[in-house]
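Comments concern the structure below.
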Amino acid sequence: MLAKGVFLLGLFNKLFKNNKNNKNSNDEYKDVESPKVKENIEENIKYIKDMLKDSDDIIYREIWVGEEFQHKLELVFVDGLVDKNIINEHVMHSLMLDTRQAKPSIEEIKKNIYEVIKKAAITGGDIKEIDDLDKCITSILSGDTALFLDGHPKVVIISSRGWQMRSVTPPETEMVVRGAREGFTETLRVNTALVRRWIRDPKFKIKQMQIGKRSKTDVALLYIDDIVNKDLLSLIKERLQQIDIDGILESGYVEQLIEEDWHSPFPQMLNTERPDKVAASVLEGRIAILIDNSPFALIIPTTLATLFQSPEDYFERWMISSLLRILRFTAAIIALAGPSIYIAFTSYHPGMIPTKLALYIAATRQGVPFPAFMEALIMEATFELLREAGIRLPVPIGQTIGIVGGLIIGQAAVMAGIVSPLMVIVVAVTAVSSFSIPSYSAAIAFRLLRFAFMLFAAVLGLYGIMLGFILMLTHLVVLKSFGLPYLSPFVEVNLSDLADTLIRAPLMMFKRRPATLDTQNKKRMKDLRPEKIESMEIDRRDNNDKKQ
Amino acid sequence: MIKNNDKISENQLSILLFTTMLGAGILSLPSDVTKAAGPNGLIVILLGGILALIFARFICRIASIFPTETFVEYSAKLMTKPVSVILSIFLVAYFLIFCSLNLRIFGEVAKSYLLNSTPIEVIMITLLFTSGYIVRYGIEPIARLSEILFPIMVIPTMIILLPAITDIDLSNFLPILRISPLKLLKGILLTAYSFVGFEILYVIFPYIQLENKLKKSINISFFSIIFFYIYVTFYTMGIFGYKETSVQLWPLLTVIKSINFPGFFIENLESLIMGIWTFAVFTSISAFHYAATLSLSKLIKAREHTYLVIPLIPIIYFLALIPDSIVEVYKYASYASILTLFFVIILPILMFIAIKLRGKGMKNNEEN
């Protein structure tokens, strides 16, 4: 027990130590002391031009303001990242034309043209001032505009981001019949705004940080301050700050860098394209991570049960949602063990198959040269190839190749005598089942394990499948997602949490937040019992009297 | 949530005890019981279970005086060190023997009903290595796994037996209690042997998160398993009668063989049940394996028990290969039941006496 704790601590330490070593050894980029903004505008501009030389999309615009054009200002921005409107209307127009009309007194101008410009001249919304040239360069490269003033040791950063982005479209990987049709885009600010539309609580916090030495990707942590478990929050912040990598290209990078068990095929955090899923998780007490340039948000922590939940379950009523949930669990088992059961029953336990079917299988398998395992392997491998190919083909062809192609190839294979017809059906049903799992990452895990189960079934039949289940369950039982056992609430059984996993209990039973998350604020809903409306009966009686 | 401390809760303890006791013994339980006590099988199971419960509570009482120590350590305090060392070695051997018994019986059944042409050695080795995989992680994963496997193995078995209700002849349970008390007593002691499994309490006590519900959880666990045994024996004795049941090797499987769900998509239900039963045997084996590993590691003062998991596997394997046939297996099982007598009944009494004798000395230790 103690030893296990020590072992885990050792693992943590190893993770942290590695990162620290990396920081010390090859850190040419950050160790140099970042220069401060000088008073002479020419020196500042020279530094920036030096750092950003050979980048022809950076624009340097000189302006002179004042009654006799005696003060020199310079704007630096990146063409393509900025909204030209803001620069033209709000910055340059205000600075060049309006200052001449504003007429502050001559003493004020002589004393502090900078304050005048900063406070009165720029009509844009979001400005701040910094004195660090490297931070200034990072801002310029993120799409802000830098305004240098000759004779002043500070630079004004004006927010002017406006680049071409994909409009908000329905999420492609998580369609629902009933529910919002907005999905995340690749711009962080748009995504955070989408989530804010669901939660208007001042305690809902969006904390940003930059990760990635060269990409300096904006990463936002979303949580509700008085619900979330503080230990979890600090753990995640620590893990994020420990990331030491050149560039973060997608949320998948962050996921793989902060997860605890990278051996496991199972995802330890949920990824989603839907803002309503993010909002719902945050309200439960989980933490969401949004990453710039990625439409996939990460939700921490997660359990196996959440991988089977779809937002639609909550928008529809409980009976149908419960049945659909049970269907999904069954689908997962079929996706996992479908071909293995076929192999086990035909090779080892033909007595267990109903007699008529057994005779039919014997008849159809007579011409097949391969044993059941090879047959299954061939069909499964072909199907995986078809699936992978279908992703890369353009949409019109891709759809048809997937389903029709699979069936036609299967039929042709049957006629060629390579596989038996029952095998084609088993593979088709397995594939369809694996598509019904809401989370794509979980579906991939089951696809992978399916082959391991096939191997077990081929060697040891039904007993092998049972051993395979035991091994998989052992792994799941030990797996933890940021301290939360992966199989909660089946393990450490908590009846109130179970109401949301195998079935979806009526909303009235969701009065408390999931107990396993150990949140600060436990209650989420008041007693919701619709009161009997007695007045309606009285009205009807009155109407009847009136009729008579 | 992040407060995980490698301890099992008391709910998990009751499920763990249930699944550990429910091993390969249940297959032959009805025949043992009817051989000893004729038509009074059900009563004997009930009384045997209550006897086992009393002694389980006894062990608990003793262990709770030393809540952070396993048997190896507190027996050294109660009896002298050399005696304790010998007793601990016997305890390790005890766990290993029962582990291998379960393994061998399961191997025989699996070979007969599931995998006819696979060598029994393969079946046993694979199960042992799977057990080794989970034992390396400690008691908490074993308890969690039991929690998950518990409904999967119990509920299908109980449901599958239901159609056989039409064949039950209640006159098979008569005459009641027309049996000499001595024979009844022998029967009770024999059934207490079917409840083997709770001795792991000797060693896992330090890993239980005590919340003052210990007695209740042990009661629940024992009464559940008594109920389950009675349920199964009720069906076997009701359908076959006590004379027939006593001559069969695995009456439970014979009953399931006779059940036929018309139109169901699986025909030989007993193979399915054997597949599901793998879980029950697995939980027993891994619990015993863990108890043996833990005791041995405390005995030789190893830092972690994980080093000893793999070395014990060949020992269990060879112990399981000692009997030559199923007949010899049950012969050895009856010898092993004598060991049970010692560890479950005699040893707790001795230790209790030792506690009383050293009464004041123990109290001083507790205050420290």
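No lab work stands behind these numbers, since they all come straight from the coordinates. Computed from a predicted structure; not experimentally measured. Note that each Cβ is placed from the backbone with ideal geometry, even for glycine, and that neighbours are counted across all protein chains shown.
In table form, for the structure just shown:
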quantity	calculated
10 Å Cβ neighbours from other chains, averaged over peptide A:342-354	4
Residue among B:L249, B:L357, B:L296 with the largest mean-square fluctuation in a Gaussian network model of chain B, springs linking Cα atoms under 10 Å	B:L357
Degrees separating the helix B:269-299 axis from the principal Cα axis of chain B, which is the longest one	10
Efficiency of FRET from Cβ geometry, B:I50 and B:S171, R₀ 30 Å, rounded to 0.05	0.70
Dipole magnitude of the range B:4-358 about its Cα centre (Cβ charges: Lys, Arg +1; Asp, Glu -1), debye to nearest 20	1160
Using alpha-carbon coordinates, inclination of helix B:139-161 to the longest axis of chain B, degrees	20
Pairwise label distance in nanometres, A:A363 with A:D225, each label 7 Å out on the Cα-Cβ vector	7.4
Cα gyration tensor shape for the range B:4-358, rounded if a/c is under 1.5, else prolate or oblate	prolate
Full-stretch length increase - A:V177, A:E39 - with 0.36 nm per residue and alpha-carbon distance subtracted	43.6 nm
Cα-based helix-to-principal-axis angle, B:25-37 vs chain B, degrees rounded to 10	80
Too-long pairs where the Cα-Cα distance tops 20 Å, listed order kept, from A:K205/A:K277; B:K35/B:K331; B:K186/B:K257; A:K49/A:K128; A:K84/A:K154	B:K186/B:K257; A:K49/A:K128; A:K84/A:K154
Cleavage-rule hits (chymotrypsin sites (Phe, Trp or Tyr not before Pro)) in the range B:207-269: DSSP loop, at most 16 neighbouring Cβ within 10 angstrom	B:F264, B:F265
Prolate/oblate/rounded call for the range B:1-83, Cα gyration tensor, a/c under 1.5 rounded	oblate
DSSP-loop chymotrypsin sites (Phe, Trp or Tyr not before Pro) across the range A:243-335, with at most 14 other Cβ within 10 angstrom	A:W262
10 Å Cβ neighbours from other chains, averaged over peptide B:102-110	1
At R0 = 56 Å, FRET efficiency that the Cβ-Cβ distance of A:D261 and A:F69 yields, to 0.05	0.30
Counted charge near B:P39, where neighbours are those whose Cβ lies closer than 14 Å (Asp, Glu -1; Lys, Arg +1)	+2
Förster-model FRET efficiency, 41 Å R0, B:K257 and B:K216, C-beta, rounded to 0.05	0.60
Average partner coverage of B:279-286, which counts Cβ from other chains inside 10 Å	1
Highest-fluctuation residue, B:R178, B:R144, B:R104 considered, GNM on chain B with Cα pairs under 10 Å	B:R178
Cα-projected label distance for B:F342 with A:W198, points at 7 Å along beta-carbon direction, nm	6.4
